[in-house]
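*Asks:* The structure under discussion is supplied below as structure tokens; questions concerning it will follow.
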Amino acid sequence: MARPGLALVALYVSARLIAYAAGCRFDADNLTWWMQITDVALLRSDLWHTLLYLHTQPPLFNLLIGLALRLEPSGFLWSMSLLYGVVTLGGLLAFHALARDLTGRPGLAFIVAAWLCVAPAVLLFSQKLYYDGLVPWLLCMGLWGVHAGIARGRFLTLLFGFAMLAAVVLLRSMIHPILFTGILAIALLLARGRRRQVAAAAVVPAAAIGAVIAKNMLLFGVAGLSSWAPLQLDHTTVDRLPATLRAHLIAEGKLSRLAEVDGFSPPPVYLAMLPPIAPTGQPSLDAIHKSTGGYNWNHIVYTRLGTIRTRDALVALRANPADFAVVLGTSFYHFHRPSSEFKGLERNLAAIAGWERIGNGLISLQPAAWFGSSLDKTRPQSPLLQIGYATLAVTLGFLSEAAAMLLTLARAARQRRWPDPAAVGAIGALMVGGFVLIVSSSFDVWENNRAHYDVMPLLLLGALMFATRLMRRRPVDE
């Protein structure tokens, strides 16, 4: 491994050891209640049937948990900690390689990668049982694999890249299959002379995604990786309607009766409003509660809501577009709050609160951090003090690079010339980061600093590319 890579490994391992000495441990306190994790009793006793009948989300997260549960009692936490640590390290190295190649500035790439090795949010998410701890680094490894595979003509590197991209699609529904398809299309377009190699490397990962979508369609009539998608639309449209307007639209028959309740209502609420549903014989679909007492959010009832709740969301959007615009603004605001403040990280945050305050105050430029850590309830709560202004600047740099890239591609199309094959990594990073920033994160809203973490390395890549573009003083349409 090259010297910068060894230095990054040493830095990351040292940061993890220091955090461990300070009291950080892998935190899985959400294992039995988090709505994204299905019943742990079923994951232990009937993993494969449980995954087969999982429709609320892609299956990989629960697969990883189910496999790790076989190592109980003590092995579960250690195996998950090791998995998250290795994936994070692999993603950091991939980010460094991408930043070096895409900017041509090895020193700058190393400095930014070195910061990510010790960043509070990275330390916290790599020690928490959220899929977000894996998402950004799988994306980095995937984009690096496709970029390096095309640039160097290496089939196994390409295969690794597409496999990592498929893994993140099958882990987090926010990373939509259309993104995998788009990156594959760009790779095929740019990889002149190696298109068969690209197609061969992508066929198995693409088939894995297609198999899950086909399974959901055949078993549940759900055309996608998650039956919750309509409920997420309702969350930002129907659920935000003023009570009087909602009641009026229901009385007129424009909204269904289901609009009386929040989109993410538990199974008993929907079962009381719908015609009786015959038991399927599958515990993961029939049980109202998990064995640990919480609601079973994978109940079959959620497969019966899609058409109705999607129609309700469209009606609400037409009836009240102004409030939806406010929701988007709120989402953009929370997107730029430090990811280290996301709920559920408090246990380990308490161990590194001082470091988190330094990082948020000096690097992210969050004014509130100058008055105290995220755990300090007495610090000022003014919204303008909660934003990380350096984080906002990174987003603006990313969007500027995306606009510049679009101009570059438009000019290349007019001149009927092909972009450089090396552009696949840059275009892929801008595509995924832009999709999450503009589309997917709009439905997280109040949890949007978590969505920011999911694509944080890609936003940094875009901002670094734009910064180096300015340093070269090259016109944006070259």
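The values are calculated or read from the model by the stated rules, or taken from the named source; none is laboratory data. Predicted model only: the values in this text are computed from it and were never measured. Every residue, glycine as well, gets a Cβ built from its backbone with ideal geometry; the counts of neighbours run over all protein chains shown. Surface accessibility is based on the protein's heavy atoms, side chains included, excluding ligands, DNA and RNA. Shrake-Rupley method; radii C 1.70, N 1.55, O 1.52, S 1.80 Å.
*Asks:* For the range 174-225, how many residues are of a type in the set (D, E, K, R), assigned to a helix (DSSP H, G or I) and surrounded by 16 or more Cβ atoms within 10 Å (Cβ to Cβ)?
*Replies:* Here is the first cut: in the range 174-225, the ones of a type in the set (D, E, K, R) are 192, 194-196, 215.
Of the ones still in play, those that are also assigned to a helix (DSSP H, G or I) are 195-196, 215.
Add one more test, that the residue is surrounded by 16 or more Cβ atoms within 10 Å (Cβ to Cβ), and what stays is 215.
The number of residues fulfilling the criteria is 1.
*Asks:* Here's a follow-up. Pairs please, first residue from the range 437-452 and within 10 Å of HIS235 (Cβ to Cβ) and in contact (Cβ under 8 Å) with a residue 24 or more places away in the chain, second anywhere and among the hydrophobic types (A, V, I, L, M, F, W, C) and not in a helix (DSSP H, G or I), Cβ atoms under 9 Å, 6+ apart in sequence or on different chains.
*Replies:* PHE443/MET174; ASP444/MET174
*Asks:* Which helices (runs of 4 or more DSSP H) does the range 291-371 wholly contain that include 3 or more residues that are hydrophobic (A, V, I, L, M, F, W, C) and either farther than 30 Å from TYR53 by Cα or out of contact with any Phe, Trp or Tyr (no Cβ under 7 Å at 6 or more places or on another chain) (or both)?
*Replies:* Numbers: elements: 306-319, 321-335, 346-349, 353-358.
Output list reads 306-319, 321-335, 353-358.
*Asks:* Could you pull out the residue among VAL135, VAL146 that is over 13 Å from the mean Cα position of the chain (by Cα), farther than 15 Å from ALA208 by Cα and open to solvent by less than 10 Å² (accessible area, probe 1.4 Å)?
*Replies:* Working: VAL135 fails: over 13 Å from the mean Cα position of the chain (by Cα).
Selected residue: VAL146, the only one of VAL135, VAL146 that is over 13 Å from the mean Cα position of the chain (by Cα), farther than 15 Å from ALA208 by Cα and open to solvent by less than 10 Å² (accessible area, probe 1.4 Å).
*Asks:* Going through the range 100-122 one residue at a time, which ones are within 22 Å of ALA423 (Cβ to Cβ) and out of contact with any Lys or Arg (no Cβ under 8 Å at 6 or more places or on another chain)? Before you say what the answer is, go through the steps one by one.
*Replies:* Looking only at the range 100-122, we keep the residues that are within 22 Å of ALA423 (Cβ to Cβ), and these are 100-106, 108-109, 112-113.
Answer for the range 100-122, where residues must be within 22 Å of ALA423 (Cβ to Cβ) and out of contact with any Lys or Arg (no Cβ under 8 Å at 6 or more places or on another chain): ARG100, ASP101, LEU102, THR103, GLY104, ARG105, LEU108, VAL112, ALA113.
*Asks:* Something else: Can you report the number of residues in the range 78-122 which are small (Gly, Ala, Ser), farther than 30 Å from LEU31 by Cβ and either part of a helix (DSSP H, G or I) or without any contact (Cβ under 8 Å) to a residue 24 or more places away in the chain (or both)? Working first, answer last.
*Replies:* Within the range 78-122, the subset small (Gly, Ala, Ser) is 79, 81, 85, 90-91, 94, 97, 99, 104, 107, 109, 113-114, 119, 121.
Those left that are additionally farther than 30 Å from LEU31 by Cβ: 97, 99, 104, 107, 109, 113-114.
Next, from what is left, pick out any that are either part of a helix (DSSP H, G or I) or without any contact (Cβ under 8 Å) to a residue 24 or more places away in the chain (or both): 97, 99, 107, 109, 113-114.
Residues that pass the stated criteria total 6.
*Asks:* On to the next question. Condition test on LEU165, is it crowded, with 24+ Cβ neighbours inside 10 Å, modelled with pLDDT of 95 or more, in a helix (DSSP H, G or I) and more than 21 Å from the chain's Cα centre (by Cα)?
*Replies:* Values: crowded, with 24+ Cβ neighbours inside 10 Å: yes; modelled with pLDDT of 95 or more: yes; in a helix (DSSP H, G or I): yes; more than 21 Å from the chain's Cα centre (by Cα): no.
Considered against the rule, which asks whether it is crowded, with 24+ Cβ neighbours inside 10 Å, modelled with pLDDT of 95 or more, in a helix (DSSP H, G or I) and more than 21 Å from the chain's Cα centre (by Cα), LEU165 comes out as no.
*Asks:* Taking the range 415-467 as the region of interest, how many residues are at pLDDT below 85 and either of a type in the set (D, E, K, R) or touching a Phe, Trp or Tyr at 6+ places or on another chain (Cβ under 7 Å) (or both)?
*Replies:* Looking only at that region, the number is 5.
*Asks:* Right, another one. Tell me which residues, restricted to the range 356-370, are open to solvent by 40 Å² or more (accessible area, probe 1.4 Å) and either without any contact (Cβ under 8 Å) to a residue 12 or more places away in the chain or under 26 Å from TRP34 (Cβ atoms) (or both).
*Replies:* Of everything in the range 356-370, those that are open to solvent by 40 Å² or more (accessible area, probe 1.4 Å) and either without any contact (Cβ under 8 Å) to a residue 12 or more places away in the chain or under 26 Å from TRP34 (Cβ atoms) (or both) turn out to be ILE358, LEU362, TRP370.
*Asks:* So SER126 fits all but one of (1) open to solvent by 30 Å² or more (accessible area, probe 1.4 Å); (2) in contact with a Phe, Trp or Tyr (Cβ under 8 Å, 6 or more places away or on another chain); (3) not charged (D, E, K, R); what number is the exception?
*Replies:* So the condition that SER126 fails would be (1).
*Asks:* So, one more: Just a yes or no: is a residue in the range 285-304 open to solvent by less than 50 Å² (accessible area, probe 1.4 Å), among the β-branched types (Val, Ile, Thr) and in contact with a Pro (Cβ under 8 Å, 6 or more places away or on another chain)?
*Replies:* yes
*Asks:* Another question, then. Could you identify the single residue in ALA353, ALA390, ALA404, ALA429 that is open to solvent by less than 40 Å² (accessible area, probe 1.4 Å) and more than 30 Å from VAL146 (Cβ to Cβ)?
*Replies:* Working: ALA390 fails: more than 30 Å from VAL146 (Cβ to Cβ); ALA404 fails: more than 30 Å from VAL146 (Cβ to Cβ); ALA429 fails: more than 30 Å from VAL146 (Cβ to Cβ).
Only one candidate passes the filter, namely ALA353.
*Asks:* I'd like to check something: does the range 2-16 contain any residue that is under 20 Å from the mean Cα position of the chain (by Cα) and polar (S, T, N, Q)? Even if it seems obvious, please write down each step before you answer.
*Replies:* From the range 2-16, those under 20 Å from the mean Cα position of the chain (by Cα) are none; that's our starting set.
Checked the range 2-16: no residue is under 20 Å from the mean Cα position of the chain (by Cα) and polar (S, T, N, Q).
*Asks:* Could you look through the range 400-422, keep only residues that are assigned to a helix (DSSP H, G or I), within 27 Å of the chain's Cα centre (by Cα) and touching a residue at least 60 places away in the same chain (Cβ under 8 Å), and pick out the one that is farthest from ILE183 (Cα to Cα)?
*Replies:* SER400
*Asks:* Restricting attention to the range 381-390, does a residue exist that is part of a loop (DSSP other than H, G, I, E, B) and under 25 Å from the mean Cα position of the chain (by Cα)? Before you say what the answer is, go through the steps one by one.
*Replies:* Step one: of the range 381-390, the residues part of a loop (DSSP other than H, G, I, E, B) are 381-382, 387-388.
Those left that are additionally under 25 Å from the mean Cα position of the chain (by Cα): 387-388.
Checked against the condition, which is being part of a loop (DSSP other than H, G, I, E, B) and under 25 Å from the mean Cα position of the chain (by Cα), the range 381-390 yields at least one hit.
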